[in-house]
1. I'd like the accessible area for LYS50: 1.4 Å probe, protein heavy atoms, all chains in place, Å² to the nearest 10.
2. What's the carbon and sulfur percent of the chain's accessible surface, probe 1.4 angstrom, rounded to a whole number?
3. I'd like the accessible area for ARG25: 1.4 Å probe, protein heavy atoms, all chains in place, Å² to the nearest 10.
4. How much accessible area does PHE141 have with a 1.4 Å probe, in Å² rounded to the nearest 10?
5. Under 25 °C and 0.890 mPa s, how fast does segment 32-126 diffuse according to Stokes-Einstein, given a Kirkwood radius computed over C-alpha pairs? Answer in µm²/s, whole number.
6. List the pair-distance distribution P(r) of segment 170-242, using every Cα-Cα distance, as the percent of pairs falling in each 10 Å bin from 0 up to the bin containing the longest distance, rounded to whole percents.
7. Relative contact order for the chain: what percent, with Cα pairs under 8 Å and sequence separation of 6 or more?
8. Straight-line reach from LYS255: which lysines have Cα under 22 Å away, leaving out those fewer than 8 places along the same chain?
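The values are calculated or read from the model by the stated rules, or taken from the named source; none is laboratory data. On a predicted model such as this, the values are computed, not experimentally measured, just so you know. Note: ideal-geometry Cβ built from the backbone for every residue, glycine included; neighbour counts use all protein chains shown. These accessible areas exclude ligands, DNA and RNA; they are computed on the full protein's heavy atoms, side chains included. Shrake-Rupley method; radii C 1.70, N 1.55, O 1.52, S 1.80 Å.
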Amino acid sequence: MEVVIVPDAAAGGELIAEAMAELLRRKPDALLGVATGSTPLPIYEALAAKVSAGAVDVSRARIAQLDEYVGLPAEHPESYRSVLRQQVLEPLGLEAKAFMGPDGTASDVRAACEAYDKALEDAGGVDLQLLGIGTDGHIGFNEPCSSLASRTRIKTLTEQTRIDNARFFDGDIEQVPHHVITQGIGTILDARHLVLLATGEGKAEAVAATVEGPVAAVCPASALQLHPHATVVVDEAAASELKLADYFRHTYANKPDWQGI
Ligand code: F6R
(Lines give C-alpha, C1' and ligand atoms only; values in the text may rest on other atoms or scores of the structure.)
Protein backbone atom coordinates (compact mmCIF):
# COMPACT_ATOMS: atom_id res chain seq x y z
CA MET A 1 0.00 0.00 0.00
CA GLU A 2 1.05 3.58 -0.53
CA VAL A 3 1.04 5.96 2.41
CA VAL A 4 0.88 9.69 1.66
CA ILE A 5 1.43 12.11 4.52
CA VAL A 6 -0.18 15.49 3.90
CA PRO A 7 0.03 18.64 6.05
CA ASP A 8 -3.69 18.77 6.91
CA ALA A 9 -7.18 17.52 6.10
CA ALA A 10 -7.71 20.10 3.35
CA ALA A 11 -4.57 18.93 1.52
CA GLY A 12 -5.75 15.33 1.82
CA GLY A 13 -9.16 16.31 0.44
CA GLU A 14 -7.57 18.10 -2.51
CA LEU A 15 -5.23 15.21 -3.34
CA ILE A 16 -8.02 12.64 -3.30
CA ALA A 17 -10.51 14.87 -5.15
CA GLU A 18 -7.92 15.32 -7.89
CA ALA A 19 -7.48 11.53 -8.14
CA MET A 20 -11.28 11.20 -8.48
CA ALA A 21 -11.34 13.94 -11.12
CA GLU A 22 -8.52 12.24 -13.00
CA LEU A 23 -10.46 8.96 -12.95
CA LEU A 24 -13.61 10.69 -14.25
CA ARG A 25 -11.64 12.31 -17.08
CA ARG A 26 -10.51 8.80 -18.13
CA LYS A 27 -13.80 7.09 -17.36
CA PRO A 28 -16.71 9.57 -17.20
CA ASP A 29 -19.21 7.00 -15.89
CA ALA A 30 -16.91 5.69 -13.14
CA LEU A 31 -18.59 4.16 -10.10
CA LEU A 32 -17.35 6.04 -7.03
CA GLY A 33 -17.76 4.36 -3.65
CA VAL A 34 -18.35 6.97 -0.96
CA ALA A 35 -18.13 6.96 2.82
CA THR A 36 -19.88 9.13 5.39
CA GLY A 37 -18.68 10.66 8.67
CA SER A 38 -16.58 13.78 9.18
CA THR A 39 -13.38 12.70 7.45
CA PRO A 40 -14.43 12.71 3.78
CA LEU A 41 -16.00 16.19 3.86
CA PRO A 42 -12.87 17.98 2.56
CA ILE A 43 -12.82 15.51 -0.36
CA TYR A 44 -16.42 16.26 -1.29
CA GLU A 45 -15.86 20.00 -0.95
CA ALA A 46 -12.73 19.90 -3.13
CA LEU A 47 -14.47 17.79 -5.79
CA ALA A 48 -17.50 20.12 -5.88
CA ALA A 49 -15.11 23.09 -6.25
CA LYS A 50 -13.50 21.39 -9.27
CA VAL A 51 -16.93 20.86 -10.81
CA SER A 52 -17.86 24.53 -10.28
CA ALA A 53 -14.54 25.60 -11.80
CA GLY A 54 -15.20 23.44 -14.87
CA ALA A 55 -12.12 21.31 -14.16
CA VAL A 56 -14.06 18.05 -14.38
CA ASP A 57 -17.40 16.85 -15.71
CA VAL A 58 -19.15 14.56 -13.25
CA SER A 59 -22.50 14.43 -15.02
CA ARG A 60 -22.14 10.72 -15.85
CA ALA A 61 -20.54 9.67 -12.54
CA ARG A 62 -22.26 7.01 -10.47
CA ILE A 63 -22.17 6.88 -6.67
CA ALA A 64 -22.31 3.80 -4.44
CA GLN A 65 -22.91 3.84 -0.71
CA LEU A 66 -20.60 1.98 1.68
CA ASP A 67 -22.92 1.41 4.61
CA GLU A 68 -26.29 2.35 6.07
CA TYR A 69 -28.04 2.33 9.43
CA VAL A 70 -30.70 -0.34 9.82
CA GLY A 71 -34.15 0.98 10.67
CA LEU A 72 -33.68 4.68 9.91
CA PRO A 73 -36.16 5.76 7.24
CA ALA A 74 -34.40 6.94 4.06
CA GLU A 75 -35.63 10.50 4.69
CA HIS A 76 -34.23 10.61 8.27
CA PRO A 77 -31.58 13.38 8.27
CA GLU A 78 -28.93 10.97 9.62
CA SER A 79 -29.64 8.07 7.29
CA TYR A 80 -26.50 7.80 5.21
CA ARG A 81 -28.65 8.04 2.10
CA SER A 82 -29.81 11.52 3.24
CA VAL A 83 -26.32 12.54 4.29
CA LEU A 84 -24.85 11.53 0.94
CA ARG A 85 -27.65 13.26 -0.97
CA GLN A 86 -26.78 16.45 0.86
CA GLN A 87 -22.97 16.12 0.89
CA VAL A 88 -22.30 14.47 -2.46
CA LEU A 89 -25.21 14.23 -4.91
CA GLU A 90 -26.57 17.77 -4.59
CA PRO A 91 -23.19 19.59 -4.59
CA LEU A 92 -22.13 17.57 -7.65
CA GLY A 93 -25.44 18.18 -9.40
CA LEU A 94 -26.24 14.46 -9.61
CA GLU A 95 -29.73 13.00 -9.60
CA ALA A 96 -31.02 10.15 -7.45
CA LYS A 97 -30.71 7.76 -10.38
CA ALA A 98 -26.90 8.09 -10.19
CA PHE A 99 -26.98 6.64 -6.68
CA MET A 100 -27.04 3.10 -5.35
CA GLY A 101 -27.15 1.91 -1.77
CA PRO A 102 -28.45 -0.88 0.46
CA ASP A 103 -32.00 -0.64 1.79
CA GLY A 104 -31.71 -0.10 5.54
CA THR A 105 -35.46 -0.41 5.99
CA ALA A 106 -35.92 -3.73 4.16
CA SER A 107 -38.03 -6.29 6.03
CA ASP A 108 -35.66 -8.99 4.77
CA VAL A 109 -32.28 -7.50 5.61
CA ARG A 110 -30.34 -10.54 4.45
CA ALA A 111 -31.94 -10.40 1.01
CA ALA A 112 -31.26 -6.64 0.85
CA CYS A 113 -27.56 -7.27 1.56
CA GLU A 114 -27.29 -9.94 -1.12
CA ALA A 115 -29.15 -7.72 -3.56
CA TYR A 116 -26.69 -4.88 -2.92
CA ASP A 117 -23.63 -7.04 -3.55
CA LYS A 118 -25.24 -8.22 -6.79
CA ALA A 119 -26.13 -4.66 -7.80
CA LEU A 120 -22.51 -3.58 -7.32
CA GLU A 121 -21.33 -6.46 -9.46
CA ASP A 122 -23.94 -5.79 -12.16
CA ALA A 123 -22.84 -2.15 -12.21
CA GLY A 124 -19.34 -3.31 -13.18
CA GLY A 125 -17.77 -2.95 -9.73
CA VAL A 126 -16.56 0.09 -7.83
CA ASP A 127 -13.73 1.97 -9.55
CA LEU A 128 -12.56 4.00 -6.57
CA GLN A 129 -13.71 3.36 -3.01
CA LEU A 130 -13.26 6.10 -0.42
CA LEU A 131 -12.83 4.91 3.14
CA GLY A 132 -12.58 6.49 6.55
CA ILE A 133 -11.34 4.54 9.55
CA GLY A 134 -12.84 4.09 12.99
CA THR A 135 -10.81 4.59 16.15
CA ASP A 136 -11.01 0.79 16.47
CA GLY A 137 -9.72 0.22 12.92
CA HIS A 138 -13.11 -0.43 11.30
CA ILE A 139 -13.68 0.26 7.61
CA GLY A 140 -17.25 0.63 6.49
CA PHE A 141 -18.83 -0.76 9.64
CA ASN A 142 -16.73 -3.89 9.71
CA GLU A 143 -15.94 -3.81 13.39
CA PRO A 144 -12.91 -5.66 14.88
CA CYS A 145 -12.82 -9.39 14.11
CA SER A 146 -15.06 -9.05 11.06
CA SER A 147 -14.19 -11.70 8.52
CA LEU A 148 -11.65 -10.42 6.02
CA ALA A 149 -13.66 -12.31 3.36
CA SER A 150 -17.05 -10.89 4.41
CA ARG A 151 -19.67 -9.69 1.95
CA THR A 152 -22.37 -7.08 2.55
CA ARG A 153 -24.30 -8.00 5.67
CA ILE A 154 -25.79 -6.71 8.90
CA LYS A 155 -23.37 -5.82 11.70
CA THR A 156 -23.83 -4.73 15.30
CA LEU A 157 -21.98 -1.52 16.15
CA THR A 158 -19.59 -1.53 19.08
CA GLU A 159 -20.39 0.71 22.00
CA GLN A 160 -17.35 2.85 21.08
CA THR A 161 -18.62 3.43 17.54
CA ARG A 162 -22.06 4.41 18.88
CA ILE A 163 -20.35 6.83 21.29
CA ASP A 164 -18.25 8.22 18.40
CA ASN A 165 -21.36 8.69 16.24
CA ALA A 166 -23.63 10.15 18.94
CA ARG A 167 -22.40 13.60 17.84
CA PHE A 168 -24.58 13.24 14.74
CA PHE A 169 -27.62 12.43 16.92
CA ASP A 170 -27.67 15.47 19.26
CA GLY A 171 -25.03 13.77 21.44
CA ASP A 172 -27.62 11.16 22.45
CA ILE A 173 -26.24 7.61 22.14
CA GLU A 174 -29.74 6.19 22.62
CA GLN A 175 -30.67 7.56 19.19
CA VAL A 176 -27.74 5.83 17.46
CA PRO A 177 -28.98 2.59 15.88
CA HIS A 178 -27.31 -0.64 17.04
CA HIS A 179 -27.28 -2.18 13.58
CA VAL A 180 -25.97 -1.29 10.16
CA ILE A 181 -25.73 -2.83 6.73
CA THR A 182 -22.15 -2.57 5.57
CA GLN A 183 -20.24 -3.69 2.54
CA GLY A 184 -18.10 -6.56 3.74
CA ILE A 185 -14.33 -6.44 3.74
CA GLY A 186 -14.33 -8.84 0.78
CA THR A 187 -16.78 -6.55 -1.02
CA ILE A 188 -14.60 -3.51 -0.32
CA LEU A 189 -11.50 -5.35 -1.56
CA ASP A 190 -13.28 -5.92 -4.91
CA ALA A 191 -13.03 -2.20 -5.73
CA ARG A 192 -10.28 -1.32 -8.21
CA HIS A 193 -8.69 1.39 -6.07
CA LEU A 194 -9.09 1.88 -2.32
CA VAL A 195 -8.37 5.32 -0.88
CA LEU A 196 -8.49 5.70 2.88
CA LEU A 197 -8.29 9.15 4.46
CA ALA A 198 -7.52 9.51 8.17
CA THR A 199 -7.11 12.81 9.97
CA GLY A 200 -6.47 13.79 13.57
CA GLU A 201 -4.56 12.28 16.44
CA GLY A 202 -7.49 10.10 17.45
CA LYS A 203 -6.86 7.94 14.39
CA ALA A 204 -3.06 7.61 14.83
CA GLU A 205 -3.11 4.26 16.61
CA ALA A 206 -5.57 2.70 14.15
CA VAL A 207 -3.51 4.00 11.22
CA ALA A 208 -0.30 2.50 12.60
CA ALA A 209 -2.02 -0.88 13.10
CA THR A 210 -3.44 -0.70 9.57
CA VAL A 211 -0.19 0.16 7.86
CA GLU A 212 2.55 -1.35 9.99
CA GLY A 213 0.75 -4.08 11.94
CA PRO A 214 -0.03 -7.60 10.78
CA VAL A 215 -2.98 -8.33 8.50
CA ALA A 216 -5.47 -9.28 11.19
CA ALA A 217 -9.24 -9.19 11.53
CA VAL A 218 -8.82 -7.44 14.87
CA CYS A 219 -7.86 -4.38 12.79
CA PRO A 220 -10.21 -4.64 9.79
CA ALA A 221 -8.46 -1.83 7.88
CA SER A 222 -5.27 -3.93 7.81
CA ALA A 223 -7.00 -5.90 5.00
CA LEU A 224 -5.92 -3.02 2.74
CA GLN A 225 -2.48 -4.64 2.78
CA LEU A 226 -3.98 -7.41 0.62
CA HIS A 227 -5.16 -5.02 -2.10
CA PRO A 228 -2.97 -4.35 -5.15
CA HIS A 229 -3.92 -0.65 -5.27
CA ALA A 230 -4.56 0.83 -1.84
CA THR A 231 -3.68 4.40 -0.89
CA VAL A 232 -3.69 5.63 2.69
CA VAL A 233 -3.70 9.42 2.99
CA VAL A 234 -3.03 10.76 6.48
CA ASP A 235 -2.44 14.17 7.97
CA GLU A 236 0.53 14.76 10.27
CA ALA A 237 -1.51 14.04 13.41
CA ALA A 238 -2.86 10.73 12.10
CA ALA A 239 0.66 9.81 10.95
CA SER A 240 2.16 10.49 14.37
CA GLU A 241 2.42 6.81 15.41
CA LEU A 242 3.96 5.61 12.13
CA LYS A 243 7.50 4.31 12.61
CA LEU A 244 8.15 4.46 8.86
CA ALA A 245 6.88 8.03 8.39
CA ASP A 246 10.17 9.30 6.98
CA TYR A 247 10.32 6.45 4.49
CA PHE A 248 6.75 7.21 3.34
CA ARG A 249 7.59 10.91 2.95
CA HIS A 250 10.72 10.10 0.96
CA THR A 251 9.08 7.65 -1.43
CA TYR A 252 6.12 9.94 -2.11
CA ALA A 253 8.39 12.95 -2.72
CA ASN A 254 10.44 10.95 -5.21
CA LYS A 255 7.77 9.08 -7.14
CA PRO A 256 7.36 9.82 -10.86
CA ASP A 257 4.95 12.75 -11.48
CA TRP A 258 2.86 10.75 -13.99
CA GLN A 259 2.07 8.06 -11.47
CA GLY A 260 -0.65 9.82 -9.44
CA ILE A 261 -1.91 8.01 -6.36
C1 F6R B 1 -19.01 5.62 7.43
C2 F6R B 1 -17.91 4.67 7.56
C3 F6R B 1 -17.07 4.64 8.79
C4 F6R B 1 -16.36 5.96 9.02
C5 F6R B 1 -15.53 5.91 10.30
C6 F6R B 1 -14.83 7.20 10.58
O7 F6R B 1 -19.63 5.47 6.16
O8 F6R B 1 -17.72 3.90 6.68
O9 F6R B 1 -16.12 3.62 8.65
O10 F6R B 1 -15.54 6.23 7.92
O11 F6R B 1 -16.37 5.59 11.37
O12 F6R B 1 -15.76 8.20 10.82
P13 F6R B 1 -15.31 9.72 10.94
O14 F6R B 1 -14.81 10.11 9.60
O15 F6R B 1 -16.56 10.46 11.28
O16 F6R B 1 -14.26 9.77 11.98
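1. Spelled out: LYS50, probe radius 1.4 Å, area about 20 Å².
2. Values: 6110 of 11530 Å².
Solvent-exposed carbon and sulfur of the chain make up 53 percent of the total.
3. 100 Å²
4. My reading of the accessible area for PHE141 is about 10 Å².
5. Working: Rh = 14.0 Å.
After rounding, the answer is 175 µm²/s.
6. It works out to 18, 40, 32, 9, 0, in whole percents.
7. On the way: 530 pairs, mean separation 63.4, N = 261.
Computed value for the chain: 24 percent relative contact order.
8. LYS243
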